[in-house]
Each structure stands twice: as C-alpha cells, then as structure tokens.
Amino acid sequence: MASELLPYSETLFALAILLALLLLIAKMALSDRPDPNMEFLLTLAEGLPKSDAP
Amino acid sequence: MFWFAITIIFVALAFDFLNGFHDAANSIATVVSTRVLSPRVAVIWAAFFNFVAAFTFGTAVATTVGKGMIDLKAVNLYVILAGLIGAILWNLITWLFGLPVSSSHALIGGYAGAAVAKVGWGAIILSGWSKTLLFIFLSPLIGLVLGAALMIAVYWIFRNWSPSQVDKHFRKLQLLSAAAYSFGHGTNDAQKTMGIIASVLYTAGILEHFFIPFWVVLMAHAAIGLGTLAGGWRIVKTMGMRITKLRPVGGFCAETAAAISILSAALAGIPVSTTHTIAGGIMGVGSVQRFTAVHWGVARTILWAWILTIPVSGAFAALCFWLIHHFQPAA
C-alpha cells in the first residue's frame, strides 16, 4: 500500500521536505540560542594577548 | 519527473540558504570583534560580497562536487534528495548542540552516503575524494600558517610605527580583507550547491551533458547571500557584548590568510570549509603573539566534530535513502 503511494506523490514528498526545511530555518531564525560558529570564533579570539599591535 | 526535479532544486537552494545562515558568523566574527564594522553593516558587507562572487572565479568546485566525487551513473533524484536531507539533519543537530561544523562537508558527505546506499562503494570516485579529505586537515593548517606568516611580516614591516598608527591603517585594510573573505565564502560554498543542482538537471534529463548554467550560478549566490543576511541578522540580535583581544591588524591577517586559502582552493576546484580556514587564521595570528594564548583545547574539541561531519551526514543520508527505497522500490 505504502509503496504504491510514493510513485504518484514524489513531488509532494519533496515539497513536504522543502516545507519542513523552511519551517526549521524559520524556527532557527527566531531562536534566541547563541550562534555556535560565532561563539567558537569569539572564544578563539578572546584567547589572544592584548598586545597584538606592533 | 520534471516537477520532482524542480522541487529538489528548491530543496538544494534552501540548503544553500541554510549554509549562508549557518556560516554567517565566519564572515562577520573577525571584523565585528575588532570593531571595524558594526554588526549590522558587517552582515550587509558579507552578504553583498557573497553575491558578487557569482561573477568571478568560475565553477571548478561545482564541477568537482557535481561529477568529480560521485559516479553520476549511481545518482538519481532520490539519491540527491536523500543526500540533501542527510546534510540538513547534521547541520541542524550540530547547530542545536552548539557545534561549529562545516556545511560544505555535510553536503558532500550526505551526497556520498546516499549514493553508497544505492549502489555500494563503487559510487565513490577516489581521485575526487583524496583532495577533499586531505584538505579537511590542510585548510585549517594553511590558514594557521598563512595567518602566522602574515602577522610576522606585518610586525617586521611596521616595526617603526606606533600601535595607534598601525591600528588606524589596518582598520581601513580590514574592510578589504573582510570583503575578500566573504568573496571566498560565496564562491566556494555556493559552488557546492551549484554542483548538486547541475546533477539534478543532468539526472532528470533537463541537461544533455553536465555543465553549470549561469542561472544556477546566480540563484546559488542569491540564496547564500540571503542566508548570510538572515543568519547575520540573528547573530546581531543574539550576540552579547563579548570583549575579544583581536585588533584590526590581527583581524586583517586572519581574514587575509583565510581568503587566500579559500580562493586558491576555489581555483583548484577543491571544496574546503570556510569555518576551518577562518578558525585556522585566528589561531595563526594568536600563536605568533603567544603560542599558549590560543585556546587549543577548544580547537581540539571541535576537531572531532569536523572529522565526524562527512561520515555522520553520510550515514544520515544513507538511512534517508533506505527509508525512501522502502516506500519507493524503484528509487
């Protein structure tokens, strides 16, 4: 039964994936969670000594 | 088949947008932490140069990703869709766990995992993978060595200048290095999605032979530029007032080192991670000043996430492919 469904609904299946992806991106965009890349790079930069100008 | 292919192209563009969103920090962290640009202007600066990169540097990376790593005979639209889902899942999970990983490696890992799930290890073109795998280790090292070398050169060239004079000049120069880095980010990362989209078009029979149409180039760059804008906007909203010790001269050297690494890789057709190169550049700048000052422990922890990205996103994509195959045996 299930195997008969997809051949006729492959585009709908991909559309569902696209919709889920767009919802996840929207959820990420609205989240207040700190950005992992930003945190990582700022942590690396924080470790530098103060006197980095010649 | 036609509409299925078009929908997968939109999934690929959504991944490209997510890539820009996910990696926006790489383009703005250095220039924001040196206070050369305000976060808002830095985001616009980065997104603009992400898009402008569409008109330069060719499509060598796109060709490598599209047909140089996976045998196109092993690819169908389901393989590409499963590969994209695997990459997206890994990106989302690592984002939730706060791990800064490479979106690019997630994409090529996902694509490979789905192809291997379909036809076995014969789908892998080893010559295309050897350079990519080697550069997982080499790209942060090149960024590190170039960052350190540039910093030493700057110390020597400007040895008779006062710190405030150096600061003043490098505040201007960092505008150029930030632009060059975003340029590199745009060209290397958008090309990976272009390669995937060209594979969709070829596999669906829309293209008679494999090439990258210019409309694909424009759409991929627009998607990554918009993703950078959206991701940067979120960072501006959520970032606190963290004080870093990176000065404009250090920011310039780190960004220039990363930009040289990425743009050289783009010309050589090697897909590299922008996250890895900028991290290497910052560590290189730090190591010149005081080797022990660099947060090597943080870098070491992250290294595992970097190494795991390709196999885990590949495993996710393989599972997705098997799930699709369960419902659609012709997949």
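Side notes on the structure shown:
- Take each residue in A:19-26, count the other chain C-beta atoms within 10 Å of its C-beta, and the mean is 5.
- Relative to the longest principal axis of the Cα atoms of chain B, the long axis of helix B:126-157 lies at roughly 10 degrees.
- Of the chymotrypsin sites (Phe, Trp or Tyr not before Pro) found in region B:1-99, the ones in coil according to DSSP and having at most 13 other Cβ atoms within 10 Å of their Cβ are B:97.
- Using the Karplus relation 6.51 cos²θ - 1.76 cosθ + 1.60 with θ = phi - 60°, the per-residue 3J(HN,Hα) values for region B:225-231 come to x, 5, x, 4, 4, 5, x Hz, with x marking Gly and Pro.
- Rounded Å value of the spacing that divides the Cα centres of region B:1-63 and region B:90-145: 18
- Helical mean residue ellipticity (222 nm; -39500 (n - 2.57) per DSSP H run of 4+; nearest 500) of chain B: -27000 deg cm²/dmol
- Protection proxy ranking of B:224-234, A:16-26, B:247-257 - average other beta-carbon atoms within 10 Å, highest first: B:247-257, B:224-234, A:16-26
- Relative to the longest principal axis of the Cα atoms of chain B, the long axis of helix B:77-96 makes an angle of roughly 40 degrees.
- Based on alpha-carbon atoms, the Kirkwood radius and the radius of gyration of region B:2-327 give Rg/Rh equal to 0.99.
- Pairwise FRET efficiency - residue B:330 versus residue B:236, Cβ, R0 = 41 Å, nearest 0.05: 0.30
- Across peptide B:20-33, the average count of Cβ atoms from other chains found within 10 Å of a residue's Cβ is 4.
- Aspartates and glutamates whose Cα lies under 15 Å from that of residue B:245, excluding same-chain neighbours fewer than 8 positions away: A:39, A:46, A:52, B:167
- Taking amide H as placed 1.01 Å from N in the peptide plane, the amide H of residue B:70 sits under 5 Å from that of B:125, each at least 5 places away or on another chain.
- Principal-axis tilt of helix B:39-52 within chain B, Cα atoms, nearest 10 degrees: 50
- Cross-link partners of residue B:131 among lysines, defined as those whose alpha carbon lies under 21 angstrom from its own and excluding same-chain residues fewer than eight positions apart: B:67, B:192.
Each value in this text was obtained by applying a stated rule to the coordinates, not by laboratory testing. Source: prediction; values computed, not measured. Please note: Cβ atoms are built from the backbone with ideal geometry, for glycine as well, and neighbour counts cover all protein chains shown.
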